Amino acid sequence: MSRTLEASEIHKYFGGVKAVQGVSLTLETGRIMGLIGPNGSGKSTLLNVLAGIEKPTKGTVTVDGRRVDGWPAHRMVGLGVAKTHQIPKPFLAMTCRENVAVAMMYGSRREGEPASALEESLRILATVGLERRADAPASNLTVQERKRLEFARVLATGAGLVLLDEIFAGLSPDELRDTIALFARVQKEQGFGALVVEHVMRAVMTLSDHVVVIEEGRKIAEGSPKEVVENPAVIEAYLGSEATNVTP
Amino acid sequence: MPALEVLVTDLAFGLLLGCVFAVIAHGLNLIWGVAKIVNVAHGVFIMLGAYGAYFLNLYLGINPLLSAPVDAAIGLAVGVGFYFGFLHRELRGKESIAQQSEMVTLVATFGLALFISNLALRLWTGNFVGIPWSPGSIFVGFLQLPLGALYVAIASVAIIALTHIFLSRTYLGNAIRAYSQDIPATQLMGINPTFVAAVGTALGFSVTMAGGALLSVWLPVGINPGMGALYAPISFVIVVLGGPGKMWGSLVGGISLAVIIDVGQAFVGTSLATAIAFLTLIPILLFRPEGILR
Amino acid sequence: MSQPAEPETGTPSAPKTGRGKLIAIVVAVLVLVAVGAAAVYYLTQPPGPTGTIKVGFTISLTGRYNVEGTNSRNGIMTAANWINSHGGIKAQGTVYNISLVFYDDQSIPGNVNTLYPQIVEQDKAQFLLAPYSTLLTGTAAPIADNYDRVMLSHGGAADTIWTQTTRRNLVEVLSPASVYLKGAVEWIHTNHAADKIAVLHESDPFSTLAADSAISYAQSLGLNVVYNQSYPTGATDLSPQLNAAMAAGADDLLGGGHFNDGLLIMNQLKTIWTPKFVSLLVAVTEPSFQAQLQATANNVTGPSQWESAVAYGPTLAQSLGLPWYGPTPTEFTQLYGSLNAGASPSYHSAEAGGALLVLAQAIGRANSLNTTDVRAALGNMHIMNFFGQFQIAASGLQIAHSMIVVQWQAGALKIVYPADVAQASVQYPYTGS
Amino acid sequence: MKIPKLPAIGPTLWGIGVFLLVLGGLAPWIPRFTLTILVNLLIFAALAYSLNFITGLTGYVNFGHVVFMAVGAYTLGYTVGTIRLHPLGGVALGGLVALVLALGLGAVTLRFRGVYFAIASLVTPLAGLNIVLVLPALGGGQGIFLNIGFDPLSWFYTIWAIIAAEVGLTYWITHGRLGYGIRAIKSDEDAAKSLGVNAPRLKLFLFALSGLFAGATGGVYAWTTSGIIPEAAFDLTFSLRMLAMIVIGGMGTLLGPLIGAIAVYLPSRFFLTIFIGTESIIIGLVVILIALFVPGGIVGTLRKYVPELRRILE
């Protein structure tokens, strides 16, 4: 199920606001790419364009060479490209198991049989440590559990490329440590590719093979996590100009 | 092609009808703009306003123009009652209206419409009633216009202007407009959202019932418990045409709808003109959901 | 009733006489109870079938037609009262009283479907009257055929029921919609043949039929119809239509529909156009038409099935060589007033009461309660009663009852056409004040 | 899309099935006036089930559902009145024509957010009424009168078949893969789309189904009244009564529409003689109370407060 998604010169304007201005990046199954940048730099907008929730104003998106920009979200999921929501959006009236089963049946796995989908969802809930809450309605979950449910659902779609929108935000230090370890284990097991949009540097740095930094909708730096951290342009973007002359 | 003179007369009547259409829809526009909910029972409150004018005329001999303010006052109380009865539970402590509460208010107000219209039928029977008040007419060039409709048109525009001034110039008015744009922000500014939403809703009902009183001038004997089912869709089309939440939208929407009906009938007949007038709603929703006004 | 079994064993035998007395008391009680039950049963049961003819119908006491429906019911009850207090109906040597059984159909066709079968099967009605309105009559008609019961239509005027469908047992008492405006067109033709006519009517079946028939009849007489437009029920503004009619050069205005739109037309005529002749359906005959419009009502004409002042009576019947039956219009109006708190009967009350009288007379003439005989009697009967003449074509369509044209003159409603029943001549032109 | 094997028949489906079979079996011996009451009850239940497909399952409130009924009625009126087709053919055609209208209308209006969909639906009957008035083929203002007899038994079996199909389909949909997609849309449409649910197509499929069955039922209704006039065919009170039935019975449930139809229609039989005209007042009041306090309706509330019933009742 290997997939490559190529976004070239993506622009996205909302009326006068130029959220994304000419960003290009390539995602491949098995590789984890971090996407960082200060607030309002267009990270979520870019994510929405790649996932098909927003249409790019300019630029193209291809999956395995096939042009897909402008495809609606549900068709992108069919191609194995799925996204989580920054603010979790569980199906409140359904149990966790049913939430995951929906993803099983409508994602690229196309699991037709509700019974087996429910069976399989139990396994996925276990991988993210939610098996005890399987039959609880999603409305009873804590914010942290809801984020895990988002993750479980996007995995359940069987997506080859997963776009994660601040999935590590708002966690306590040891919760963060467990979640990073969990993510790494699951990624190694299932081998999906991921674009991790994050503010939590510790997560991005430990997990990403490659990191892209954008500011005001433009790519200002790219490279291995170490290279990016030392790049003066990045520091300036984050900490303001005076900080650059203080060596770490 | 009908003669120019005929078209001008139709247009004149279209404008007059458009003004009264605008004021009966304006209340809906206010509630929709402020509380972001759609009051399916809107038509029923127009009917209550019309009956208010009828009874005020029957027992106290007040003509409909003067009973409009009385209806407006009653409408304030009715609006507050409606807010706490139907909306408070759905809107309290929420940043925006959830998909679920939209459903709840839609169905609850539909039940309210059934309840009030049939209660009115039981209390006042199905007979059509009207207010025998017609102050004659005046000549404007070759046009002979009914004074009643003219007064109503002026009153309608006045009411819409008054609400516009209230919302833009007064403290409470601005609080309501702030609430309609961003509920959490209003809280941060120390404004109690419940109070503001209640006042906004009350204002909406007050204008609706006053509109019902003004509409009764157009219906020599057309007031009956079932009239709500006719004027609710008209109000919805007008608000969507003009743009929900836009203060002058009601006037633009009202006049557009009335002109389509009154002038259109000269070309395609009354039935088709009415059908077209109602169906304009769908392309507007498709291409300009925020209405004709920019 | 079997004797209560006496427990044989186990009880100490009471003294012989005691036991006998006990049995006697029990039997007495039982007999008393039986007699009481029989009495109650008998009293509630209407008098034996020989003495009563059951006439069943549904009528709209709520919903769209509640006003016309209530008036019709009151008219039927008045007629039944008259028949029962004037010797009832004589058939096969027995005198029958009429007993009515009716339900509210809420102006909904679906209810007609369930209530008429109930009236026939459960309440055992032998004869039927149709509900009010064209649609409900159309729905009830096949039921009458299916249960083989005669049904008289008093509130369904659209000819289409008789022209588009064949209903063996459905008989029309009132004039069909197509002739409503016939009188007005005839009058225009004889007195002002040069007048151009505009027709503006409501889009419901009754008004559409009345208007379309008036147009074809006028054109057959060579009159010039320059404007013809319909408007949906509940229209708020008809000024553009009236304006267009004037612009088309029309002299006379025919049409309207029901009470509220008739008033709307009159109200908007004040500021737009003063036609020379106005004839509107339904609205003009309502007493509150003049109350609302005051002077503007003067010289406005309208068709009516019946007016209490109409000069139908035994003398007129005799002059036409027709047998007369039932109360005179004034007698009917007085009886109606006494039964309905002084109210005066509208033409809906008259057409419904007239239908019951026609039925009573037909049963008398057929001298039988059998549907086929009574339907045959209705078929070849040409009589007159307080509601007017009655004669039907083979299909059941009414052909003899003629409409009358009324006109408000100086605040009073006068019968102005046809000549043989007219109280005054038509005032022309309409001045609007 | 693999057709899933039919899951085991649930107890509610058994219950409704037995109810229908008993009725179907006894029909020939039921006296005609009770049969007509049953026919009217089943007509209202069929309409409630058809509305349940769209408003019940997806929460898109359709105030103008009567449009499909009117289209079905007029199709029967035209085919039976003008080209002398057997009423059964009229009913089937009525369903098809309404299906096509639903596809056309739904493709446009279902793209609107729920509230705007409700408003657009409120307007369609008024437009439909005025369009029919200018179509001479449909009798224009005069309406159509049909030369067909009073035949409650064939009405009964036709509407019986329609309801059986609706109940079966509702069960198959809610228990199969579609059921999960639909519940996802009803709960949070955006989230459903981002997990691969083709929401527009699924909503349109349900809207088409609801149009088909409302059209067929409208055909049966016209068959029972042997006549159609515009005002009666497009009478808004039908849509409102149908909506009241599924709100009271339980939106989106299998048993809800039937319970709602019984709860609303049967009492109205008593109001014909006593308290004339009060049943609509009471229905309005009950709808308000249910919408605000027990949104699940009769079936939904039972399931919520009586957990053991959850397995049996749906």
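The values are calculated or read from the model by the stated rules, or taken from the named source; none is laboratory data. Since this is a predicted model, take the numbers as computed values, not measurements. Here the Cβ positions follow ideal geometry from the backbone for every residue, glycine too, while neighbour counts run over all protein chains shown.
Among the conditions (1) within 14 Å of chain D (Cβ to nearest Cβ); (2) surrounded by fewer than 24 Cβ atoms within 10 Å (Cβ to Cβ); (3) on the phi < 0 side of the Ramachandran plot; (4) modelled with pLDDT under 90, the only one that B:Gly81 does not satisfy is (4).
Does B:Ile31 fit the bill of being in contact with an Asp or Glu (Cβ under 8 Å, 6 or more places away or on another chain), farther than 30 Å from C:Ala291 by Cβ and of a type in the set (Val, Ile, Thr)? For B:Ile31, the condition - in contact with an Asp or Glu (Cβ under 8 Å, 6 or more places away or on another chain), farther than 30 Å from C:Ala291 by Cβ and of a type in the set (Val, Ile, Thr) - is not met. Taken together, the residues in the range D:234-246 that are modelled with pLDDT of 90 or more and facing chain C (nearest Cβ under 10 Å) amount to 0. In the range D:130-145, of all residues being more than 7 Å from every other protein chain (Cβ to nearest Cβ) and either part of a loop (DSSP other than H, G, I, E, B) or touching a Pro at 6+ places or on another chain (Cβ under 9 Å) (or both), the one that is nearest to B:Leu279 (Cα to Cα) corresponds to D:Val132. Kindly establish whether D:Tyr49 is over 27 Å from C:Thr165 (Cα atoms), hydroxyl-bearing (Ser, Thr, Tyr), in contact with a Phe, Trp or Tyr (Cβ under 8 Å, 6 or more places away or on another chain) and part of a helix (DSSP H, G or I). Against the criterion (over 27 Å from C:Thr165 (Cα atoms), hydroxyl-bearing (Ser, Thr, Tyr), in contact with a Phe, Trp or Tyr (Cβ under 8 Å, 6 or more places away or on another chain) and part of a helix (DSSP H, G or I)), D:Tyr49 qualifies. From the list B:Val38, B:Val44, the lone residue that is touching a residue at least 24 places away in the same chain (Cβ under 8 Å), more than 14 Å from chain C (Cβ to nearest Cβ), in a loop (DSSP other than H, G, I, E, B) and not polar (S, T, N, Q) is B:Val38. Go through the range C:216-253 and report how many residues are assigned to a helix (DSSP H, G or I) and within 13 Å of another protein chain (Cβ to nearest Cβ). Counting residues in the range C:216-253 that are assigned to a helix (DSSP H, G or I) and within 13 Å of another protein chain (Cβ to nearest Cβ) gives 9. Of all residues in the range C:114-142, those satisfying the criterion of being closer than 17 Å to D:Ile228 by Cβ and hydrophobic (A, V, I, L, M, F, W, C) are C:Leu135, C:Leu136, C:Ala140, C:Ala141.
Every residue, every condition in (1) more than 8 Å from chain D (Cβ to nearest Cβ); (2) surrounded by fewer than 24 Cβ atoms within 10 Å (Cβ to Cβ); (3) in contact with a Ser or Thr (Cβ under 8 Å, 6 or more places away or on another chain), yes or no:
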position: C:Thr114; (1), (2), (3): no, no, yes
position: C:Pro117; (1), (2), (3): no, yes, yes
position: C:Gln122; (1), (2), (3): no, yes, no
position: C:Gln126; (1), (2), (3): yes, yes, no
position: C:Tyr132; (1), (2), (3): yes, no, yes
position: C:Thr137; (1), (2), (3): yes, no, yes
position: C:Ile143; (1), (2), (3): no, no, no
position: C:Val150; (1), (2), (3): yes, no, yes
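Comparison of D:Phe33, D:Phe44 shows that the only residue that is part of a helix (DSSP H, G or I), within 12 Å of chain C (Cβ to nearest Cβ) and free of Cβ contacts under 8 Å to residues at least 24 places away in the same chain is D:Phe33.
When each of A:Thr127, A:Thr62 is tested for being surrounded by fewer than 24 Cβ atoms within 10 Å (Cβ to Cβ) and either in the same structural domain as A:Thr45 (by TED's automatic domain parsing) or on the phi > 0 side of the Ramachandran plot (or both), the lone residue that passes is A:Thr62. Might you let me know whether the range B:262-269 holds any residue that is within 13 Å of chain D (Cβ to nearest Cβ), more than 14 Å from the chain's Cα centre (by Cα) and either among the acidic types (Asp, Glu) or not in a helix (DSSP H, G or I) (or both)? Within the range B:262-269, one or more residues are within 13 Å of chain D (Cβ to nearest Cβ), more than 14 Å from the chain's Cα centre (by Cα) and either among the acidic types (Asp, Glu) or not in a helix (DSSP H, G or I) (or both).
Looking across the range A:102-126, the residues that are under 10 Å from A:Ala156 (Cβ atoms) and at the interface with chain D (Cβ under 7 Å from one of its Cβ atoms) come down to A:Val102, A:Ala103, A:Met105, A:Tyr106, A:Gly107. Could you list, in sequence order, the residues of the range D:166-184 that are buried (at least 24 other Cβ atoms within 10 Å of the Cβ) and touching a residue at least 24 places away in the same chain (Cβ under 8 Å)? Of everything in the range D:166-184, those that are buried (at least 24 other Cβ atoms within 10 Å of the Cβ) and touching a residue at least 24 places away in the same chain (Cβ under 8 Å) turn out to be D:Glu166, D:Thr170, D:Ile182. Determine whether D:Ile185 is under 23 Å from D:Arg111 (Cα atoms), out of contact with any strand residue (DSSP E or B) (no Cβ under 8 Å at 6 or more places or on another chain), among the hydrophobic types (A, V, I, L, M, F, W, C) and assigned to a helix (DSSP H, G or I). So D:Ile185 fits the description; yes.
Does any residue of the range A:81-100 turn out to be within 21 Å of A:Phe168 (Cα to Cα) and away from every other protein chain (no Cβ under 14 Å)? Checked the range A:81-100: no residue is within 21 Å of A:Phe168 (Cα to Cα) and away from every other protein chain (no Cβ under 14 Å). When D:Pro152 is tested against the conditions (1) within 14 Å of chain C (Cβ to nearest Cβ); (2) at pLDDT below 90; (3) in contact with a Pro (Cβ under 9 Å, 6 or more places away or on another chain), the lone failure is (2). Selection over the range C:226-259 of residues that are surrounded by fewer than 19 Cβ atoms within 10 Å (Cβ to Cβ), within 22 Å of C:Thr190 (Cα to Cα) and either at pLDDT below 90 or of a type in the set (A, V, I, L, M, F, W, C) (or both) gives a count of 1.
Taken together, the residues in the range C:390-433 that are out of contact with any strand residue (DSSP E or B) (no Cβ under 9 Å at 6 or more places or on another chain) and β-branched (Val, Ile, Thr) amount to 1.
When you look at C:Gly63, is it assigned to a loop (DSSP other than H, G, I, E, B) and either over 29 Å from C:Asn385 (Cα atoms) or at pLDDT 65 or above (or both), yes or no? Answer is yes for this residue.
Among the residues of the range D:111-129, those that are of a type outside the set (A, V, I, L, M), touching a residue at least 40 places away in the same chain (Cβ under 8 Å) and either within 14 Å of chain C (Cβ to nearest Cβ) or part of a helix (DSSP H, G or I) (or both) comprise D:Gly114, D:Phe117, D:Ser121, D:Thr124, D:Pro125, D:Gly128. Taking the condition within 14 Å of chain D (Cβ to nearest Cβ), aromatic (Phe, Trp, Tyr) and either in a helix (DSSP H, G or I) or surrounded by fewer than 20 Cβ atoms within 10 Å (Cβ to Cβ) (or both), does B:Phe115 pass? Yes: the conditions hold for B:Phe115. A residue that is away from chain D (no Cβ under 14 Å), in contact with a strand residue (DSSP E or B) (Cβ under 7 Å, 6 or more places away or on another chain), at pLDDT 95 or above and in a strand (DSSP E or B) cannot be found anywhere in the range C:171-180.
Residues in the range B:126-150 that are of a type outside the set (Gly, Ala, Ser) and either surrounded by 19 or more Cβ atoms within 10 Å (Cβ to Cβ) or within 7 Å of another protein chain (Cβ to nearest Cβ) (or both): B:Asn127, B:Phe128, B:Val129, B:Ile131, B:Pro132, B:Gln144, B:Leu145, B:Pro146.
Within the range D:184-198, the residues that satisfy the criterion of being under 23 Å from the mean Cα position of the chain (by Cα) and more than 7 Å from chain A (Cβ to nearest Cβ) are D:Ile185, D:Lys186.
For D:Ile163, the conditions (1) closer than 19 Å to D:Leu103 by Cα; (2) touching a residue at least 40 places away in the same chain (Cβ under 8 Å) all hold with the exception of (1).
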